[in-house]
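Below: the structure, in structure tokens.
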Amino acid sequence: MTVTSDPAVFDGTTDDQYWLAIQQVTADLERHADLDRLCELSATHPEWPVRAACVRILGASFADREAAQRAIAAATHDTVDSVAFTAITVAGEHRIALAARDLIGISGWPSNFTRPAYLRKPVGCGAALTKRALIAIFGSEDPDELRRLEDQHFADVLNRVAAVKKRSAQLADAVLVPAGPFIAGATGTVPGPFQMNDQDNPLRVVDLPAFYIDRTAVTNERYNRFVEETAGTTEFDHPDQPPRPDHASAHRRDPRFNRPEHPATGMDWYDAWAFARWAGGRLPSEDEWEKAARGADGRRYPWGNDWDPSRANYVERSFGTSVHDLRSLESVLVTVGPSTPAEPVMPADSLPEGASPYGLLHMAGNVWEMTRTNFFTKADLDPFFKGRQPVEFMNRRDAFYSLRGGTWTSPPVCLTTYYRGKDLLTDKHNEIGFRCVYPAAG
């Protein structure tokens, strides 16, 4: 009888029949103990008694195997308390050190809860079982000895955390945006010939603390250094990031976009988020980006209120032809291809005459720039799509971040300091880059 993977065996049963089936499944699992199968079912079987049985068998038959240890540790977080309690107990009985981090996350450090007069908030069986398991794993109840053993056990983790904390913000080419209010929002009132909606950013005054921001968009030279230094590690990744081998740009082989001085493109929002963390900063909010682009006086473009085609890389410059309305714009954009246009982007450190009041370059044109702001809610983006394909969430409002600044395919209306674009957080485009912001001292 092999019914371990067939939930239908439990359908339509009485209580007595249900528990009889559980016994039969458990006996079958014990007779044909298979490590991989037990690990899988301990996490996926829809009946919690089967998951608990798998955990017990893993401990009894495979406690010395890393795969079993990881499955037991993961089961300590099962949503059904009986499964979690079983896993906690098994981890303690077999002194599974690999589960210590999970158990500490449940109940806290054993050197604290064995210390005299230490105040806690235990909530029931789970806390008591976890305390007992941790003491068994570390083999002591003395708080000072436990502290030493904890430091020894987590030495590699502590060293990585310390290394991250010691990372200084990369301010070598960043500028300070001073604290204070600025005029934010759209200053235009009439839709133009390109039929672009630029009225979703209401005119207002926003007061921001001081911050540093990169003078230019992150370049390929800088981004590639990040890719090389983070190879094989996930320590800077967003917790929701989909699995990937590295953070390499999708356009790293395209000579039109891969020169060291070009703005880095071809990464998604998760890649940019990880880079910013590696660089000691974060992606800018929309308000931070807008103040850095326009200063405090509400100007329409980074350089002032009047459009000047010589100060930006936009559709007419990159394609070498004029556009005057939506129809002519689209007729140009449909010609894009592997070699058209020949030189779409400019070096990130070019067109100084188009600088913002704080000296930032290409805040209008060249490449759109990512922010950490949700396009629809205008709060910080907080994605939760791990394990799902983009087609499953591409219509969710939580999956779109705000873009700013326009790009090499944009008409002038998209290059204003207040125009808002959007993109799906998993898309990788040669029209989109980013820059980082960093906390100001004090």
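The values are calculated or read from the model by the stated rules, or taken from the named source; none is laboratory data. Bear in mind that the values here come from a model prediction, so they are computed numbers and not experimental data. Here the Cβ is made from the backbone with ideal geometry for all residues, glycine too, and neighbour counts use every protein chain on show. What goes into the accessible areas is simple: the full protein's heavy atoms, side chains included, and nothing from ligands, DNA or RNA. Shrake-Rupley method; radii C 1.70, N 1.55, O 1.52, S 1.80 Å.
Filtered by the rule that a residue be of a type in the set (Lys, Arg) and either under 20 Å from Ser410 (Cβ atoms) or modelled with pLDDT under 95 (or both), the stretch 273-319 gives Arg294, Arg299, Arg300, Arg311, Arg317.
With the requirement that a residue be among the small types (Gly, Ala, Ser), part of a loop (DSSP other than H, G, I, E, B) and within 28 Å of the chain's Cα centre (by Cα), what does the stretch 284-305 give you? Once the filter is applied, which keeps residues that are among the small types (Gly, Ala, Ser), part of a loop (DSSP other than H, G, I, E, B) and within 28 Å of the chain's Cα centre (by Cα), the stretch 284-305 yields only Ser285. When we screen Ser322, Ser310 for residues that are of a type in the set (Ser, Thr, Tyr) and in a loop (DSSP other than H, G, I, E, B), the only hit is Ser322. I'd like to check something: does the stretch 235-250 contain any residue that is modelled with pLDDT of 95 or more and of a type in the set (S, T, N, Q)? Checked against the condition, which is being modelled with pLDDT of 95 or more and of a type in the set (S, T, N, Q), the stretch 235-250 yields at least one hit.
Can Glu369 be described as over 16 Å from the mean Cα position of the chain (by Cα) and open to solvent by 30 Å² or more (accessible area, probe 1.4 Å)? It is false that Glu369 is over 16 Å from the mean Cα position of the chain (by Cα) and open to solvent by 30 Å² or more (accessible area, probe 1.4 Å). Restricting the stretch 187-208 to residues that are open to solvent by less than 40 Å² (accessible area, probe 1.4 Å) and at pLDDT 90 or above, the residue that is farthest from Phe376 (Cα to Cα) is Leu208.
Restricting the search to strands (runs of 3 or more DSSP E) fully inside the stretch 370-442 and requiring at least 2 residues that are touching a residue at least 24 places away in the same chain (Cβ under 8 Å) and closer than 26 Å to Val315 by Cβ gives 400-404, 420-424. Count of the stretch 209-230 residues, restricted to those that are without any contact (Cβ under 8 Å) to a residue 60 or more places away in the chain and either open to solvent by less than 70 Å² (accessible area, probe 1.4 Å) or acidic (Asp, Glu) (or both), is 10.
Taken over the stretch 41-68, the residue count meeting the criterion of being out of contact with any Cys (no Cβ under 8 Å at 6 or more places or on another chain) and farther than 25 Å from Ile137 by Cβ is 5.
Examine the stretch 332-343 for a residue that is more than 29 Å from Arg311 (Cα to Cα), open to solvent by 30 Å² or more (accessible area, probe 1.4 Å) and part of a strand (DSSP E or B), and state whether such a residue exists. Looking for residues that are more than 29 Å from Arg311 (Cα to Cα), open to solvent by 30 Å² or more (accessible area, probe 1.4 Å) and part of a strand (DSSP E or B), one finds none in the stretch 332-343, hence no. Of the helices (runs of 4 or more DSSP H) that lie entirely inside the stretch 57-121, those containing 3 or more residues that are surrounded by 17 or more Cβ atoms within 10 Å (Cβ to Cβ) and either under 28 Å from the mean Cα position of the chain (by Cα) or of a type in the set (A, V, I, L, M) (or both) span 66-75, 81-93, 100-107. Within the stretch 234-258, residues that are under 26 Å from Phe384 (Cα atoms) reach partners that are among the charged types (D, E, K, R) and crowded, with 17+ Cβ neighbours inside 10 Å with beta carbons closer than 7 Å, at six or more positions or on different chains, in the pairs Phe236/Arg277; His247/Asp271.
Of everything listed in (1) modelled with pLDDT under 95; (2) surrounded by 18 or more Cβ atoms within 10 Å (Cβ to Cβ); (3) closer than 27 Å to Arg95 by Cα, the single unmet condition for Thr4 is (3).
If you filter the stretch 301-317 down to residues that are surrounded by fewer than 20 Cβ atoms within 10 Å (Cβ to Cβ) and out of contact with any Lys or Arg (no Cβ under 6 Å at 6 or more places or on another chain), you find that the one that is nearest to Leu333 (Cα to Cα) is Glu316.
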